[in-house]
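First the structure, in the form of structure tokens, and then the observations on it.
The values are calculated or read from the model by the stated rules, or taken from the named source; none is laboratory data. Not measured: the values here are computed from a predicted model. Heads up, the Cβs are rebuilt from the backbone with ideal geometry, glycines too, and the neighbour counts pull from every protein chain shown. For accessibility, only protein heavy atoms count, side chains too; no ligands or nucleic acids. Shrake-Rupley method; radii C 1.70, N 1.55, O 1.52, S 1.80 Å.
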Amino acid sequence: MEQRHLGRTGLRVSRIGLGTLTWGRDTGEEAAAEQVKTFWEAGGTLVDTADVYGGGEAEYLLGRLLGGLVPRRELVIATKAGSVPDLDRRFDGSRGHLLAALDDSLERLGTDHVDLWQVHAFDPATPLEETLQALDLAVSSGRARYAGVAGFCGWQLAKAATWQLAAPGARTRIASTQMEYSLLQRGVEREVLPAALDLGVGLLPSSPLGRGVLTGKYREGTPADSRGASASLSALVEPYLDEAAAGIVDAVVTAAQGLAVTPLQVALAWIRDRPGVVAPIVGARTSAQLAAALSVEALSLPEEIRRALDDVSAPEHRYPDQDWSTL
């Protein structure tokens with residue numbers, strides 16, 4: 001699998017990442033091991049998790065697989081901290097919480113460092129410079145090699161990345177931002193992506209298949225074994241089952257039929273090759289599903305199909321987001 005630099009850094013990662021959101025909840029150790037083996041044998045390196053996935057079980061499962069199943073040095077382990085199970089405060093970006101969470105993550109993962117440590121969300125109750133100092137301390141202490149963020153809107157990302165660049169050598173560069181991005185959700189193109197491109201921050205798209213909808217499996221109803229039929233995940237899928245989404249899915253299916261490939265491959269190839277994208281993070285229920293996603297490595301969309309998908313899924317940009325210089 002092709003390797004790409006993560007933002008303007010020396011870290012290289014596979015251009016498809018393996019997500020672990022369902023590990024420890026819907027995905028057990030045996031299925032997780034099969035996924036990691038399939039991913040690694042395909043040349044994948046970037047494995048993304050978080051301290052809250054499965055209540056910590058995702059990190060624990062991944063830690064059990066490191067070293068034994070796959071050599072630790074051959075994977076790029078990314079985790080996150082900052083989300084908390086507190087109804088009154090969903091995010092905690094305080095230095096104390098973040099560094100304690102990192103230590104807990106390292107213990108569950110059974111390693112002395114993570115390759116990429118990400119602040120899971122912006123915390124408006126904590127000064128941003130305090131949150132960012134936690135990243136500096138994590139990198140300077142060797143507990144993290146690189147640092148990133150997730151869920152930051154455009155101005156938040158720009159402020160964080162610029163603050164870190166203001167003291168080169170003393171502060172660690174923001175290497176990446178993780179945001180939802182797909183043919184069904186192109187909101188990051190308004191402000192987040194332009195900021196990332198300008199500041200040398202690599203984009204790691206989450207839900208690159210539109211929460212599974214872009215595979216086309218919901219066109220005739222909701223499969224019993226799908227996220228849409230899951231009590232815990234159906235609310236995530238429902239917003240992408242409207243008429244507008246259906247038109248985009250139809251276009252993806254038509255393109256797939258013309259290329260003799262699957263809708264999954266078309267949707268994933270489109271997002272993988274968007275400007276600024278480093279590695280879409282793909283989650284799978286089984287190793288067979290993961291293998292189907294990884295087969296996209298050999299596919300590059302023809303320019304006319306790419307333009308057609310751009311057009312049918314184009315978000316509506318209004319003042320002040322659209323580029324007025326072209327008017």
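Report, to the nearest whole %, how much of the accessible area of the stretch 1-84 belongs to carbon and sulfur atoms, 1.4 Å probe, protein only.
Whole-percent figure for carbon plus sulfur exposure: 48.
Could you give me D for the stretch 21-149, from Stokes-Einstein at 25 °C and 0.890 mPa s, where the hydrodynamic radius is the Kirkwood radius over C-alpha pairs? Units µm² s⁻¹, please.
165
Carbon and sulfur: what percent of the stretch 99-198's accessible surface (1.4 Å probe)?
About 52 percent, which is the carbon plus sulfur part of the accessible surface.
Using modelled amide H (1.01 Å from N, peptide plane; none on Pro or chain starts), what sits under 5 Å from the amide H of R173, excluding residues fewer than 5 places away?
Amide H to amide H, under 5 Å and 5 or more residues apart or across chains, R173 pairs with nothing.
Taking the solvent-accessible surface of protein heavy atoms with a 1.4 Å probe, what is the per residue accessible area of the stretch 75-137 in Å²?
Result: 41 Å² per residue.
Enumerate the calculated ³J(HN,Hα) couplings along the stretch 284-301 in order (Karplus 6.51 cos²θ - 1.76 cosθ + 1.60, θ = phi - 60°), each rounded to whole Hz, writing x wherever the residue is Gly or Pro.
Residue by residue, the stretch 284-301 yields 9, 7, 9, 5, 5, 4, 5, 4, 4, 5, 5, 5, 5, 3, 8, 9, 10, 6 Hz.
Just one of [x] 20.2; [y] 21.1; [z] 23.3 is Kirkwood radius over Cα pairs in Å as worked out from the coordinates here. Which one is it?
Read-out taken from this structure: [x].
Taking a cut-off of 12 Å between Cα atoms, list the aspartates and glutamates near K159, but don't count ones fewer than 8 places away on the same chain.
Here the aspartates and glutamates satisfying the reach criterion relative to K159 are E129.
Under a crude label model (7 Å from the Cα following the beta-carbon direction), how far is S295 from L137 in nanometres?
With each label point 7 Å from Cα toward Cβ, the separation is 4.9 nm.
Taking a spot 7 Å from the Cα of S234 along the direction of its beta carbon, which residues of the stretch 1-35 have an amide N less than 19 Å from it?
26
List the residues, sorted by chain then number, that are 5 or more residues from G17 or on another chain and whose placed amide H is less than 5 Å from its amide H.
Amide H neighbours of G17, under 5 Å, 5+ apart: I281, V282.
Select from L209, L18, L299 the residue whose mean-square fluctuation is largest in a Gaussian network model of the chain (Cα-Cα springs shorter than 10 Å).
L299
Accessible area of the stretch 235-282 with a 1.4 Å probe: how many percent of it is carbon plus sulfur?
Roughly 61 percent of what the probe reaches on the stretch 235-282 is carbon or sulfur.
In 10 Å bins starting at zero, report the fraction of Cα pairs in the stretch 69-118 per bin as a rounded %.
Reading upward from the zero bin: 23, 48, 22, 7, 0.
From the backbone phi of the stretch 101-109, what are the Karplus-calculated ³J(HN,Hα) couplings (6.51 cos²θ - 1.76 cosθ + 1.60, θ = phi - 60°) in whole Hz, Gly and Pro given as x?
5, 5, 4, 5, 5, 4, 5, 5, 6
Taking the Cα centre of each part, how many Å lie between the stretch 84-137 and the stretch 256-327?
Value for the Cα centre distance between the two parts: 31 Å.
Run through the stretch 262-327 and list the trypsin sites (Lys or Arg not before Pro) located in a DSSP loop whose Cβ has at most 16 other Cβ atoms within 10 Å.
Answer by residue number: R285, R318.
Quick one: Kirkwood hydrodynamic radius for the stretch 70-212, alpha-carbon pairs, angstrom, one decimal?
One decimal place: 15.5 Å for the Kirkwood radius.
Identify which of A314, A166, A284 has the largest mean-square fluctuation in a Gaussian network model of the chain, with springs joining Cα atoms closer than 10 Å.
Judging by the Gaussian network model, the answer is A166.
Along each principal axis of its Cα atoms, how long is the stretch 178-220 end to end? Whole angstroms, biggest number first, please.
Answer, in whole Å and largest first: 43, 16, 9 Å.
Mind checking the per residue accessible area of the stretch 166-318 for me, 1.4 Å probe, whole number of Å²?
Per residue, the stretch 166-318 has an accessible area of 43 Å².
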